[in-house]
Each structure stands twice: as C-alpha cells, then as structure tokens.
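Student: Take a look at the following structure, please.
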Amino acid sequence: MSSIAQVIVQPCSLSGLIILASIAIHSWKMALGAFFGAVIGTASAKFLNFDSKDITLGIFGYNATLIGIANIYFFETSITSLIVFTLSCVLSVFITKWIPRYLKLPAFTAPFVFITWLIILIADFINLKPSNNVLNFANNIHTEGLGEAVGQVYIQGNGITGVIMLVAILICSKSSFVWALVATTLTWLLAQSLNYPDTNIQNGLYGFSAVLTAIALQSMKPIIFPLIGIVLTVFVTQAFIISGWPSLTAPFVFVSWLITIIHFGYVKYSNQSTTLD
C-alpha cells in the first residue's frame, strides 16, 4: 500500500489503502491495475535486491501503480496490453533506480511519464486499441471540481474520489494536506486570471501537477521555491494542452526538477556567502 501512497509522496500504508479504495469507487478495473502495478514493481525490486528500506517505503512501486492505472484507462484489455503492462512495470523499477544515480535528481513520476508516452507512440504498431475512455489523447481526463485536482493524479474522473484522496493525505501528513489545498487554490486563481478555458479549470487540469509539486517541494526553504513551482506547473500544463499531447504528470516532473536544481544552487551560494562572512 505504501507504493500507492508514494504517488502523492506519502509513505503511509493506511493512506495507500484509502486511496486504492477511492480509485475502486470510480473504477474497480483501475484499482486492480493500481494494485497489480504496485505488486509487480515491488516484487521486481525485491528480486533485484534493491535497497530494502526503499522497497518498504514504496519507492519502486508507485510508478508501476500509475502505469497500471494508465494502461487500463488508455487501452482495451488484451493479451498484448497485459504483456506491455507487466514489462512497463518492471522497466519503471530500473528507471526509478537509474535517474537518481545518473541524473542526480529524484525520480518522481518520470518513469511513469516516459514509459506511458512511449507506449502511446507505439500503440498502433503493437496493436494496442484505445479504450472507450479515450476520445483523444489531448483530452485524456474528465472530471469536475476542486477535489478533482487531487483525483487527477491517479487519472480519476470522480469528485468523491478526489475528496477521499485529500482525506488520505491529511491522515498521513497535515502539512501535505495544507500544501495540496494551497496548490489547488493558487492554480485555480491563476488560471482564472489568465482566462484559461473554464472547462479545463473546473476539470482540475491545472491543479494535479501543482498538488504533486507542492507536496514534493514543501520542505524547501524559503517558501518561495515551492510557490514558484506551483505557478510554473500551470504554464507548463497549458503548453501541453495547446500541443495536444497528454501531459500526464510531466509538468510536475519537469518543474520539480528545475526548482530542485535552482534550489541546490541557491543553498550552495548561501553557504559560500556565510563562510566568507
């Protein structure tokens, strides 16, 4: 269950169980995809003798969790889709390991994003048929309201699901809950002020990456860093919407990487200045 909760950066099994239940309210098939994705990712990491502490925290299962949900959402269930799903979950474990090692950055949900994009690109070549959920990849999520910004993280088009997920965050971390509310409110206000389409705003499309960014960067000081991250996700999300390519959680990944790099430079410069003084 920790793997499922780690999607929203919460190392809490109870939160994971609640989130899984909330997904099931919207779609039992997606809940199964999330569950088996987490199982495959975690089992693969154990087989490969990866760090046991990271495995317990769900580090190697959360990207596979999202891949499981996306597989059910985007494609009709078939032998091919199940094979692709299994291989993708295993591949996500390796990428989760490689990104911190070679890029010196947190993996976040990058493995899920890159793998899902690849599958979408090659779907026609490997005979993966779009599911009934998908009218087109540009409008890949349909929800309605504030709580949906959180539900969107797990590709859930149900307001009740989003609210339950907020409760799951609150159970694990009050500060993360507050930051989630800050992110959804700030992105809503910003998108409104920029006259972005009301449908996209109400659907929570500008909020879900902002929520992830806020939670992931909340420990950064000064507070301006996570706030800038929240704002930037709105513009990156809009760029994806204009392009017609599914953003998934890419705005969260790219913005968080950028802010992490800038914050590292800021801390290094501050320490050098303190030493000179």
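Student: Is one or more of the residues making up region 42-61 in a helix (DSSP H, G or I), closer than 25 Å to V178 by Cα and touching a helix residue (DSSP H, G or I) at 6+ places or on another chain (Cβ under 7 Å)?
Tutor: Yes.
Student: Something else: When region 226-277 is examined, which residues are found to be surrounded by fewer than 18 Cβ atoms within 10 Å (Cβ to Cβ) and in a loop (DSSP other than H, G, I, E, B)?
Tutor: Within region 226-277, G244, W245, D277 qualify.
Student: Among A107, A43, A64, which is the only one that is surrounded by fewer than 23 Cβ atoms within 10 Å (Cβ to Cβ), under 13 Å from the mean Cα position of the chain (by Cα) and either touching a residue at least 24 places away in the same chain (Cβ under 8 Å) or farther than 21 Å from F240 by Cβ (or both)?
Tutor: A107
Student: Any idea which of (1) surrounded by 24 or more Cβ atoms within 10 Å (Cβ to Cβ); (2) under 30 Å from S270 (Cα atoms); (3) touching a residue at least 40 places away in the same chain (Cβ under 8 Å) is the one Q218 doesn't satisfy?
Tutor: With respect to (1) surrounded by 24 or more Cβ atoms within 10 Å (Cβ to Cβ); (2) under 30 Å from S270 (Cα atoms); (3) touching a residue at least 40 places away in the same chain (Cβ under 8 Å), Q218 is out only on (1).
Student: Let me ask you something else. Quick check on I171: is it at pLDDT below 95 and either part of a helix (DSSP H, G or I) or aliphatic (A, V, I, L, M) (or both)?
Tutor: yes
Student: Next up: Test S81 against the stated conditions and say whether it is among the polar types (S, T, N, Q), surrounded by 16 or more Cβ atoms within 10 Å (Cβ to Cβ) and out of contact with any Asp or Glu (no Cβ under 8 Å at 6 or more places or on another chain).
Tutor: Considered against the rule, which asks whether it is among the polar types (S, T, N, Q), surrounded by 16 or more Cβ atoms within 10 Å (Cβ to Cβ) and out of contact with any Asp or Glu (no Cβ under 8 Å at 6 or more places or on another chain), S81 comes out as yes.
Student: Just need a number here: residues in region 68-104 that are without any contact (Cβ under 8 Å) to a residue 24 or more places away in the chain and in contact with a strand residue (DSSP E or B) (Cβ under 9 Å, 6 or more places away or on another chain).
Tutor: 0
Student: Please verify whether region 118-133 includes one or more residues that are hydroxyl-bearing (S, T, Y) and part of a helix (DSSP H, G or I).
Tutor: For region 118-133, residues hydroxyl-bearing (S, T, Y) and part of a helix (DSSP H, G or I): absent.
The values are calculated or read from the model by the stated rules, or taken from the named source; none is laboratory data. Since this is a predicted model, take the numbers as computed values, not measurements. Note that we place each Cβ from the backbone using ideal geometry, even for glycine, and neighbour counts take in every protein chain shown.
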